[in-house]
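Handing you a structure now.
Read-outs: derived from the displayed coordinates by stated rules, not from any lab. Bear in mind the structure is a predicted one, so any value in this text is a computation, not a measurement. Virtual Cβ from ideal backbone geometry, glycine too; neighbours counted across all protein chains shown.
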């Protein structure tokens, strides 16, 4: 009895304050953020009726009554374009929604029946779920806060493979004999910065992920502003810190350093201060299969980018983030997306690969006591599973429509469970087909394990 | 002798502090801001050599040594794209530069010889000239600060002519039976706002100028954000202020009012606070000829828009701006652009018409003791003056290339010196040809009275 009373009291307190959760979705570009958020909203909107969300306890117990979009709090953040995304999926032919740029937001009011109702609290309750979607590229900029310009310059261009280096060849050639002490020429500086930005854009096009500074790729209203006109300066090792600090304000070095500092102050910090530290939960989407497809150099690059990105969730005592801000994300999911692009028996292997890819960051997170779950999912399932007989054996296969509109029946192959080594790349390689969405049936979007993701991310708030 | 000493002392003080001037250029879209700034920079860069700037005392006296672009102060404001603009003018065929969007900035260091040098101060001096370019549409939003949402709703849609009203017909029909007290539907609200924004865009395309809220036309990173999703609500006259204030937070009225307030606070005020109040001098460019071409309804609309726009420069004691901020613009120019589109003897008439158009604002400005000068100019002269004989009389004519690339020889007609009345519109009308730039000769850009504008705006700082 006294125990029950304590629980009732806690519930009363919880009921008194706003029941509210801020869930953030991120991922590097093309990881599938827009499809994920669209599906998440769609599943919850259908929750009371025909949704298939058996892995979400509240839905399995038929306590989920439905969800409605309501007015968001921050009027200055674009609303997540759910309707446009659904239109694309409903098109003829269906197509993937246009990716969002920058941050967007959507507020859902979820109604559910309590697991344990009693005389003084009603049966039904509401949870306000604020959804945020932002580019994972913004998180790649966090380590930039840990450096001054000279330090940052040293970390850049290190460990680049030949393909990536080739994309920056133009810029490398142009800056080869720049003298840090020379008087700055504004016009020349703008040109060189544009070449650096071109390198970053080409690298993104070519499938690379570890790209800094992130805002160079999405300049928005800052296009042409000096804050986006700088680049790392190689060859600073010949200089002492004192010699660099003594250079005049109008020198190339001092100008670049000033812009770097402005970028830290006015681009990187505001995102963490105004948005990031207010998120309660986070899911990071990762297109592991896409990176496998792109070959060893890009896969290695993704691995580097993810290590950087995950630093934003490491609240260890020594961490930069804990020193600068006080983030409160108390539960994290990392998900390999597009699981429908391999056959079902490969899903376990896909999660194993994801965990192998993130082994170091996951160690740090667990050490810092941040609950984290790895899973594989498909936000909007674009294939159907079939069986084919080959050389007398029955093997699973996928049927779907490729991006050119041709019907495809394929066995995409085996996902490695460990980071592939050089031998593996040369022996096997990967070639997954990219599918477009299937024509839609009425009802909620077909998915794989969206319910598992939902259960981990919001399930405990629906009791 | 004591008098000389006083002057010397003043000079010493002036020399001690930074000699710096912040000059802002604005105008409604298509008024010619980009061409003006490009020409201004070009004239000053050529100032020491072959520039034709006889109306600028420092140039006439051969004391102007030249100008250089240097690093601007605010790293977060796009740099004015001078090089791109020159490339367009230098193209084959030459074309007008792409209009800038939003605010941009450029810093020039001007070197000149002092008019009166003496033993203790050097002969040469420097003036740092910060140039700013921003859309005149932003100034149209100033009056919006003077209203609450209900008051603003009442002022909108008033006095619209038939052509303008037709462009908003869709929106008018859609909101006809909106009830301010009804529960807000986010999706519907987004749709209706989009229709309103479509009306504004169509009105701008059709040559109208008096368009509020200005940011709806240049949303930038705020595209899709709720702050840009509102519209005036007609029919509020049936409601008392108390009844409106009593409506619940989730009502249509309260939602629109909240967004309007957010727009005031986060869009309109920051421009005045961060930029406008720091300008020292201002030139407002006006395409009077374009408006004459577009007919009576658009001309009337331009006149309304200009009255609104000029309120930003009226620092009378009762003025909104003086109450909210403390602007310091101490000299203002208003210029009718594209003077090269009429024959030279019409220029006096063009200025007379400009003054007639602005008669009320000019009265207010003079009363508020803000020095203001009206002039006509052509930033980049696109025509040559010829004489033709018609019916035995020699009349002036213009030779140039129209936008389709055809050579044209034309007498564009007479500019009225007063606001044209209904009779005038039906009797005569106007039909000026739009010209594209002439192929460039080496040297500075050809112009009309850029030197007069420069003399008024910066001449006193070059002594």
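If all Cα-Cα distances of the protein assembly as shown are sorted into 20 Å bins from 0 onward, what percent lands in each bin, rounded to whole numbers?
Here the calculated profile for the protein assembly as shown is 12, 36, 35, 15, 2, 0.
Between copies, how far does the label point of residue B:98 sit from its twins, in nm, shortest first, when each point is 7 Å from Cα along Cα→Cβ?
Nearest to farthest, the other copies are at 1.8 nm.
Right, something else. If contacts are Cα pairs under 8 angstrom and at least 6 residues apart, what is the relative contact order of segment A:307-463 in percent?
Result for segment A:307-463 is 26 percent.
Where does chain A land on Rg(C-alpha)/(2.2 N^0.38 Å)?
Dividing the Cα Rg of chain A by 2.2 N^0.38 Å gives 1.07.
Note down the relative contact order for segment B:142-272 as a percent, whole number, built from C-alpha pairs under 8 angstrom at least six residues apart.
Once normalised by length, the contact order is 38 percent.
Pull up the DSSP beta bridges for the protein assembly as shown and report the antiparallel fraction as a percent, rounded to 5.
In the protein assembly as shown, DSSP labels about 55 percent of beta bridges as antiparallel.
Can you name the residue in chain B whose Cβ lies closest to the B-to-A rotation axis, and give that gap in whole Å?
For the rotation taking chain B to chain A, the closest Cβ gives B:221, 3.
Hey, could you get me the Stokes-Einstein D for segment B:14-173, Kirkwood radius over alpha-carbon pairs, 10 °C and 1.306 mPa s, rounded to whole µm² s⁻¹?
For these conditions, the coefficient is 83 µm²/s.
For the Cα atoms of chain B, what angle does the longest principal axis make with the long axis of helix B:347-357, in degrees from 0 to 90, nearest 10?
Approximately 30 degrees, to the nearest ten.
In chain A, what % of DSSP beta bridges are antiparallel (nearest 5)?
Of the beta bridges lying entirely in chain A, close to 55 percent run antiparallel.
Hey, another quick one. Note down the Stokes-Einstein diffusion coefficient of segment A:142-272 in µm²/s, whole number, using a Kirkwood radius over alpha carbon pairs, 4 °C, and 1.567 mPa s.
85 µm²/s
Where does each of B:40, B:252 land when they are ranked from fewest to most other beta-carbon atoms within 10 angstrom?
B:252, B:40
Taking the alpha-carbon centroid of each part, what is the distance from segment B:355-398 to segment B:61-91 in angstrom?
Their Cα centres are 27 Å away from one another.
While we're here: To the nearest µm²/s, what D does Stokes-Einstein give for segment A:196-306 at 20 °C and 1.002 mPa s, using the Kirkwood radius over alpha carbon pairs as Rh?
Value of D from the Cα-based Kirkwood radius: 129 µm²/s.
Let me ask another. So what is the relative contact order of chain A, in percent, for Cα pairs below 8 Å that sit 6 or more residues apart?
Contact order relative to length: 19 percent.
Go ahead and estimate [θ] at 222 nm for chain B from helices alone: -39,500 (n - 2.57) per DSSP H run with n ≥ 4, summed, over the residue count, rounded to 500.
It comes out at -10000 deg cm²/dmol, rounded to the nearest 500.
By count of other Cβ within 10 Å, fewest leading, how are B:100, B:394, A:155 ordered?
Final ranking by Cβ density, sparse to dense: B:394, A:155, B:100.
With everything on Cα atoms, drop me the angle between helix B:33-45 and the longest principal axis of chain B, reported from 0 to 90° to the nearest 10.
20 degrees
Same structure, new question: Placing the label point 7 Å from Cα along the Cα-to-Cβ direction, what are the distances from residue A:113 to the equivalent spots in the other copies, shortest first, in nm to one decimal?
9.5
So for A:319, B:379, B:95, fewest C-beta neighbours within 10 Å to most, what's the order?
With the sparsest Cβ surroundings first, the list reads B:95, A:319, B:379.
Partner chain Cβ atoms within 10 Å, averaged over the residues of A:99-111 - can you pull that number for me?
Shielding by partners across A:99-111 averages 1.
For peptide A:77-84, how many partner chain Cβ atoms fall within 10 Å of a residue's Cβ, on average?
Per-residue shielding by partner chains comes out at 4.
Another question, then. From the label point of residue A:157, set 7 Å from Cα along Cα→Cβ, how far away are the matching label points in the other copies, in nm, ordered shortest to longest?
Here the equivalent label points are 6.1 nm apart from this one.
Using only the alpha-carbon atoms, how far is helix B:296-310 inclined from the longest principal axis of chain B? Give it as 0 to 90 degrees, nearest 10.
The helix B:296-310 is inclined about 80 degrees to chain B.
Only bridges whose two residues both fall in segment B:298-453 count here: according to DSSP, what percent of them are antiparallel, nearest 5?
The answer is about 75 percent antiparallel.
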